[in-house]
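Take a look at the following structure, please.
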């Protein structure tokens, strides 16, 4: 599947989780439920992936953690906050740059309308 096709499937999973659980839970609850939904759709994924980072000439084994990585192509960054800040968007963009991946989705489950709380971020490479 392409990144765009995966994005469509992931959005469907996000809507299912939100419709079943609603807002107000911890990020870890949404992460577990979203992993369950991805599994139901047969999408390979991993949670809390520690990825190495190179700083100057030093390789740091765990530079950052991805909430969910789907099909080794799409990063999902999960939040459950009153409102997303610019730094949340920048965090995902940085993860995309460091990983060399093209697409990420930032989702805030603590909202009234989930369709307005999913943000697509693209790495221009």
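Taking segment 17-50 only, how many residues are touching a strand residue (DSSP E or B) at 6+ places or on another chain (Cβ under 8 Å) and more than 27 Å from residue 83 (Cα to Cα)?
3
Tally time: how many residues in segment 56-78 are out of contact with any helix residue (DSSP H, G or I) (no Cβ under 9 Å at 6 or more places or on another chain), under 26 Å from residue 29 (Cβ atoms) and outside any strand (DSSP E or B)?
Residues flagged as out of contact with any helix residue (DSSP H, G or I) (no Cβ under 9 Å at 6 or more places or on another chain), under 26 Å from residue 29 (Cβ atoms) and outside any strand (DSSP E or B) within segment 56-78 amount to 1.
Residue-wise test of (1) exposed (fewer than 12 other Cβ atoms within 10 Å of the Cβ); (2) touching a residue at least 60 places away in the same chain (Cβ under 8 Å); (3) on the phi > 0 side of the Ramachandran plot.
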| position | (1), (2), (3) |
| --- | --- |
| 15 | no, yes, no |
| 33 | no, no, no |
| 37 | no, no, no |
| 55 | yes, no, no |
| 80 | no, no, no |
| 101 | no, no, no |
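Every read-out reported here was derived from the displayed coordinates using simple, explicitly stated rules and does not represent laboratory data. Remember, it's a predicted structure, so these values are computed and weren't measured experimentally. Note that we place each Cβ from the backbone using ideal geometry, even for glycine, and neighbour counts take in every protein chain shown.
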